[in-house]
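The values are calculated or read from the model by the stated rules, or taken from the named source; none is laboratory data. For clarity, every value in this text was computed on a predicted model and none was experimentally measured. FYI the Cβ positions are ideal-geometry reconstructions off the backbone, even for glycines, and counts take in every protein chain you see.
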Amino acid sequence: MLIGGLQKTSLIDYPGKVACTVFTIGCNFFCPFCHNKDLVSWANFKNSSLAVVKEKDFFDFLSKRGGILDGVCITGGEPTIQPGLMQFCQKIKKLGFLVKLDTNGGRPRVVKELIKKRLVDFIAMDIKVDKKNYSLLTKISYEKIAQSLVLIITSGLEYQLRTTLVPTIHNKKNIAILAKEIAVVATKNKINPESLVWHLQKFLPQNCLKAEFDQFLPFSSQELNCLLTAAQSIIPQVDADF
Ligand code: SF4
């Protein structure tokens, strides 16, 4: 595992739990609005002020956190591209901690294996935009995103789907389309769309992968609520942090 950061305590990264958060280096997407740009590639990481955290040091830390932390949130970058992820999760579970995975859904094979081997307890997956516009953001085929979506919502695990609302990318129309696409996938897989857990969050223009995104004004409260209403017209229980 290539670890580029460790937040020793977080009250927000793992819903309802006290966790530490591990940041992995490298991502298979290069979303222009990403504000973890130092973590998306080794080249960016090397040019940043961040330092590698040795796996041994992480486990030394974690082994002293029994009774203090409930779990570990593994985020990135994109954790599923790390060759040692299975063993890493296994070691965390052996120490008695819960594991939450944050993923972009681009590697369904890995998501499937983690679920099958019961190595994760909670999965948060980004659903970036509707199917038609996915290829504008990443080179990953939408089929992979759809596969991960099905795996996660049918896994029986706690999960959260997340969409960051970005000016120039999202609008009322494509958010409604995205909501319909998610609802259709759920229905096809015998999941009631009204049971889906989907969270909308506000884009903040800072330290973005593509510098021009730093110049964008975030959506106003009125615009955000308009997008939330569009999503809720299809999936009423969608929530937001704005
Ligand atoms: S936003 Fe997430 S998926 Fe996109 S490049 Fe950044 S870390 Fe990767």
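Below, the figures for the structure above:
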read-out	value
Test set (1) in a helix (DSSP H, G or I); (2) surrounded by fewer than 23 Cβ atoms within 10 Å (Cβ to Cβ); (3) of a type outside the set (D, E, K, R) - GLY156 fails condition number	(1)
Filter result (hydroxyl-bearing (Ser, Thr, Tyr) and either surrounded by fewer than 18 Cβ atoms within 10 Å (Cβ to Cβ) or touching a Lys or Arg at 6+ places or on another chain (Cβ under 7 Å) (or both)) within the stretch 68-99	THR80
Selection within the stretch 60-69 - more than 17 Å from GLN90 (Cα to Cα) and assigned to a helix (DSSP H, G or I)	none
Number of positions in the stretch 193-231 that are without any contact (Cβ under 8 Å) to a residue 12 or more places away in the chain and crowded, with 19+ Cβ neighbours inside 10 Å	0
Subset tally (residues that are within 16 Å of the ligand (Cβ to nearest atom) and assigned to a strand (DSSP E or B)) for the stretch 108-139	4
Among (1) modelled with pLDDT under 95; (2) more than 18 Å from the chain's Cα centre (by Cα); (3) not acidic (Asp, Glu) - the single one SER141 does not satisfy	(2)
Neighbours by Cβ (under 9 Å, 6+ apart or cross-chain): first from the stretch 70-87, part of a strand (DSSP E or B); second hydroxyl-bearing (Ser, Thr, Tyr) and surrounded by fewer than 21 Cβ atoms within 10 Å (Cβ to Cβ)	VAL72/THR21; CYS73/SER10; CYS73/THR21; ILE74/THR21; THR75/THR21
Tabulated pairs, the stretch 30-52, first more than 28 Å from ILE169 (Cα to Cα), second of a type in the set (A, V, I, L, M) and not in a loop (DSSP other than H, G, I, E, B), C-beta under 8 angstrom, 6+ apart or interchain	LEU50/LEU39; VAL52/ILE3
The stretch 131-146 residues that are loosely packed, with under 12 Cβ neighbours inside 10 Å, paired with ones that are modelled with pLDDT of 90 or more and not in a helix (DSSP H, G or I) (beta carbon under 7 Å, 6 or more apart)	none
Check on ILE145, among the β-branched types (Val, Ile, Thr), assigned to a helix (DSSP H, G or I), more than 30 Å from PHE61 (Cα to Cα) and within 14 Å of the ligand (Cβ to nearest atom)	yes
Residues (in a strand (DSSP E or B) and acidic (Asp, Glu)) located in the stretch 218-242	ASP239
Residue among ASP57, ASP102, ASP38 that alone is surrounded by fewer than 16 Cβ atoms within 10 Å (Cβ to Cβ), outside any loop (DSSP other than H, G, I, E, B) and either more than 10 Å from the ligand (Cβ to nearest atom) or modelled with pLDDT of 95 or more (or both)	ASP57
